[in-house]
Amino acid sequence: MSENASEIKTEIKTIGKRAFDAKYELIKLSTEQKNKVLCDVADELVASSEEIIAANNIDTENGRNNNMHEGLLDRLMLNEARIKDMAEGLKQVAELPDPIGEKLSEWTLENGLNIKKVSVPLGVIGIIYESRPNVTADAFALTFKAGNVVILKGGSDAINSNKAITEVIRRVIDRSGFNPDFVQLLPFTDRSAVNELLTMREYIDVIIPRGGAGLIRMVCENSKIPVIETGSGNCHIYIDEYADIDKAIPIIINAKTQRIGVCNAAESLVVHENIKDKFLPRLSEAMKENKVELRADESSIILLPGAEKATEADFGTEYLDYILSVKTVKSVDEAIAHINRYNTGHSESIITENKENADKFLKGVDAACVYVNVSTRFTDGFQFGFGAEIGISTQKLHARGPMGLRELTSYKYEIIGDGQIRP
């Protein structure tokens, strides 16, 4: 398809209108109908693994040819195991309670009016995301179960993978006798497509960006549609003076190295000065074994052979790489202040055996997810039991943290009377 401004504008407007019309069809589906579609899509994804992986191979090869960073290549790559995980996510969503039509509250006024507050879909959701093609399936599963139509705009680096996954989903929906426009993928790689999507207020109810800080900032600054902001992750782990070092080291290794290109990976370490002499040499050895580069402040660098001196920018950087900054502090209060200054409101963890310090950390750190003696890698809809997630919201209005089904609903009031008029 030749991508010019006129074609993009016309096609996106057509996609928006189709989505707008489809949302009134989707709201009619029963829970059982939605669950069956989700399970059928899950089975079809696994059955179509060869087709999806072939498309993904084109994307990963293009990424290598374009010198894509290792962390981003990891985000992009699909294999049979990851496709099975995608399918399992859909089946988990099918097993979750349907949030639509739930009575949130009910009361009767003195004049006899009965008022119910009932959950309803948001409507049409536009989701803009980057390298991860698994988001295509996750986004469909959650929006669909919550009664929402979705318009997807993936990154150009995953265009073939996203097309293959979307085609499987639409094929199953159509085969089930429903409107395949419950899910649509923008077929354009041109960045102007995002700008055009952000103007479609008459068709789209909310935009959710999922990706790096640059993408999220661009969407928030340019959208004419309400935005639910999902943030980047400059995640910290604080090693308290009462930390169990044998517990701390495996947690740090997991948080930093299990997958480096994800928003819940640890990027910065904060260490109490009273434990640094025992802890930092152990850390240095573990990080060398895992090929992690350390960037440390003056107080800690002498205990970390081979570390580079940290700059101010290091403490506020989401590396998405085998790099970890190290900062020493004199108290849990100083650790909390440092984290609140540099964090992105995503995920923060304290390693300690002291309940008072743990409680202080839980109450004092301003983030969507705050952990005690746990890897930050658990900030994930699948791990939280949501089946999947749209993203990790770091804002405070409407939704915060992993966004599952309930975060993709709004509500309305149903008022039943018997002829009452307002005096």
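The values are calculated or read from the model by the stated rules, or taken from the named source; none is laboratory data. Being a predicted model, the structure only gives us computed values, none of them experimental. Don't worry about glycine lacking a Cβ; one is built from the backbone with ideal geometry, like all the others, and counts go over all protein chains shown.
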- Task: Please state which one of Ile275, Ile252, Ile239, Ile228 is buried (at least 18 other Cβ atoms within 10 Å of the Cβ) and farther than 30 Å from Ser331 by Cβ.
- Result: Ile228
- Do we find that Phe361 is aromatic (Phe, Trp, Tyr), at negative phi, at pLDDT 95 or above and not assigned by TED's automatic domain parsing to the domain that holds Ala141 in this structure? yes
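Based on this model, can you work out whether Lys28 counts as in the same structural domain as Arg175 (by TED's automatic domain parsing) and surrounded by 15 or more Cβ atoms within 10 Å (Cβ to Cβ)? Break it down stepwise before answering.
Details: in the same structural domain as Arg175 (by TED's automatic domain parsing): yes; surrounded by 15 or more Cβ atoms within 10 Å (Cβ to Cβ): no.
So Lys28 does not fit the description; no.
Being in a loop (DSSP other than H, G, I, E, B) and either among the β-branched types (Val, Ile, Thr) or modelled with pLDDT of 95 or more (or both) is the filter; apply it to the stretch 387-402 and report the residue that is surrounded by the fewest Cβ atoms within 10 Å (Cβ to Cβ). If you could, list the steps in order and put the result at the bottom.
First pass over the stretch 387-402, keeping only residues in a loop (DSSP other than H, G, I, E, B): 387-391, 394-400.
If we keep only those that are either among the β-branched types (Val, Ile, Thr) or modelled with pLDDT of 95 or more (or both) as well, we get 390, 394.
Numbers: Ile390: 29, Thr394: 23.
Checking each candidate, the answer is Thr394.
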- Query: If you go through the stretch 26-65 one residue at a time, how many are in a loop (DSSP other than H, G, I, E, B) and free of Cβ contacts under 8 Å to residues at least 40 places away in the same chain?
  - Reply: 2
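With the stretch 238-315 as the region, which helices (runs of 4 or more DSSP H) entirely inside it contain at least 2 residues that are under 30 Å from Ser131 (Cβ atoms)?
Details: elements: 245-257, 276-289, 298-301.
In the stretch 238-315, 245-257, 276-289 are the helices (runs of 4 or more DSSP H) which contain 2 or more residues that are under 30 Å from Ser131 (Cβ atoms).
In the stretch 1-19, which residues are assigned to a helix (DSSP H, G or I), surrounded by fewer than 17 Cβ atoms within 10 Å (Cβ to Cβ) and touching a residue at least 60 places away in the same chain (Cβ under 8 Å)? So that I can check it myself, show each step before the final result.
Taking the stretch 1-19 and keeping what is assigned to a helix (DSSP H, G or I), we get 5-19.
Now restrict to residues that are surrounded by fewer than 17 Cβ atoms within 10 Å (Cβ to Cβ): 5-7, 9-10, 13-14, 17.
Listed by number, the residues that qualify are Ala5, Lys9, Lys13, Lys17.
Look through the stretch 192-215, keep the residues that are in a loop (DSSP other than H, G, I, E, B) and among the hydroxyl-bearing types (Ser, Thr, Tyr), and return whichever of them is farthest from Ser48 (Cα to Cα).
Selected residue: Thr199.
Which of the residues that make up the stretch 255-272 are crowded, with 17+ Cβ neighbours inside 10 Å, closer than 30 Å to Gly381 by Cβ and not aliphatic (A, V, I, L, M)?
Of the stretch 255-272, the ones crowded, with 17+ Cβ neighbours inside 10 Å are 255-257, 260-272.
Narrowing further to those that are closer than 30 Å to Gly381 by Cβ: 255-257, 260-270.
If the condition is that a residue be crowded, with 17+ Cβ neighbours inside 10 Å, closer than 30 Å to Gly381 by Cβ and not aliphatic (A, V, I, L, M), then Lys256, Thr257, Gly261, Cys263, Asn264, Glu267, Ser268 are the ones that fit.
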- Query: Inside the stretch 112-135, can you point out the residues that are at pLDDT 95 or above and not in a strand (DSSP E or B)?
  - Reply: Gly112, Leu113, Leu122, Gly123
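Would you say Ala22 is over 24 Å from the mean Cα position of the chain (by Cα), of a type in the set (A, V, I, L, M, F, W, C), buried (at least 17 other Cβ atoms within 10 Å of the Cβ) and at pLDDT 95 or above?
Details: over 24 Å from the mean Cα position of the chain (by Cα): yes; of a type in the set (A, V, I, L, M, F, W, C): yes; buried (at least 17 other Cβ atoms within 10 Å of the Cβ): yes; at pLDDT 95 or above: yes.
Taking the combined requirement at face value, the residue satisfies it.
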- Item | Among (1) buried (at least 16 other Cβ atoms within 10 Å of the Cβ); (2) among the aliphatic types (A, V, I, L, M); (3) free of Cβ contacts under 8 Å to residues at least 60 places away in the same chain, the one test that Ile159 misses | (3)
- Query: How many residues are more than 27 Å from Ala213 (Cα to Cα), surrounded by 19 or more Cβ atoms within 10 Å (Cβ to Cβ) and out of contact with any strand residue (DSSP E or B) (no Cβ under 6 Å at 6 or more places or on another chain) when one looks only at the stretch 302-328?
  - Reply: 1
- Item | Matching entry among Phe384, Phe378 (being surrounded by fewer than 23 Cβ atoms within 10 Å (Cβ to Cβ), under 29 Å from Cys220 (Cα atoms) and either over 27 Å from the mean Cα position of the chain (by Cα) or without any contact (Cβ under 8 Å) to a residue 24 or more places away in the chain (or both)) | Phe384
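Taking only the stretch 147-191 into account, find how many residues are part of a helix (DSSP H, G or I) and among the small types (Gly, Ala, Ser). Reasoning before the result, please.
The initial filter retains those residues of the stretch 147-191 that are part of a helix (DSSP H, G or I), namely 156-175, 180-182.
If we keep only those that are among the small types (Gly, Ala, Ser) as well, we get 156, 158, 161, 164.
Adding up the residues that qualify gives 4.
Conditions tested, residue by residue: (1) surrounded by fewer than 16 Cβ atoms within 10 Å (Cβ to Cβ); (2) among the β-branched types (Val, Ile, Thr); (3) assigned to a helix (DSSP H, G or I); (4) touching a residue at least 60 places away in the same chain (Cβ under 8 Å).
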{"position": "Gly71", "(1), (2), (3), (4)": "no, no, yes, yes"}
{"position": "Ala81", "(1), (2), (3), (4)": "yes, no, yes, no"}
{"position": "Lys84", "(1), (2), (3), (4)": "yes, no, yes, no"}
{"position": "Ala87", "(1), (2), (3), (4)": "no, no, yes, no"}
{"position": "Leu90", "(1), (2), (3), (4)": "no, no, yes, yes"}
{"position": "Ala94", "(1), (2), (3), (4)": "no, no, yes, yes"}
{"position": "Pro99", "(1), (2), (3), (4)": "no, no, no, yes"}
{"position": "Ser105", "(1), (2), (3), (4)": "yes, no, no, no"}
{"position": "Glu110", "(1), (2), (3), (4)": "yes, no, no, no"}
